[in-house]
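The structure under discussion appears below in the form of C-alpha cells.
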Amino acid sequence: FQYLKRFDQGYNLDTFCYEAHSVEGNPAECLQQFLLHCGIADPSWSELRNFTWFLNVQLRDCEASVFCNPDFVQDTLQGF
C-alpha cells in the first residue's frame, strides 16, 4: 500500500524503503489502492490476495537487492 500510495503521488520510489510494522492510511484507502492497481475490473478477494502477495514478494526482493540500492548504483540506472 505504501509503495502504491507514493507512486500515485509521484514520489521517487528509488529512495523509499518500507519500515516493518509501520502503518499508514486506513483499510478503506488500502483497498482502494489495491483495486486501482490490480489490473482487474472486478477482482475477487482471491485475486486481490494474489496481487498483494506477488507485489509484496517483488518489493521485498527489490529492497534486499544491492543492485536496487541507490547508494550502490548511484545514478547509473536512473529511471530503470
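At-a-glance table
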| item | result |
| --- | --- |
| Helix axis angle, 45-64 relative to the chain longest principal axis, alpha carbon, degrees | 10 degrees |
| Inter-label distance for N12 and N50, nm, one decimal - labels placed 7 Å from Cα along Cα-to-Cβ | 3.6 nm |
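Every number in this text was worked out from the coordinates using simple rules, so none of it is lab data. The structure presented is a predicted model; accordingly, all values stated were derived computationally and were not measured. Every residue, glycine as well, gets a Cβ built from its backbone with ideal geometry; the counts of neighbours run over all protein chains shown.
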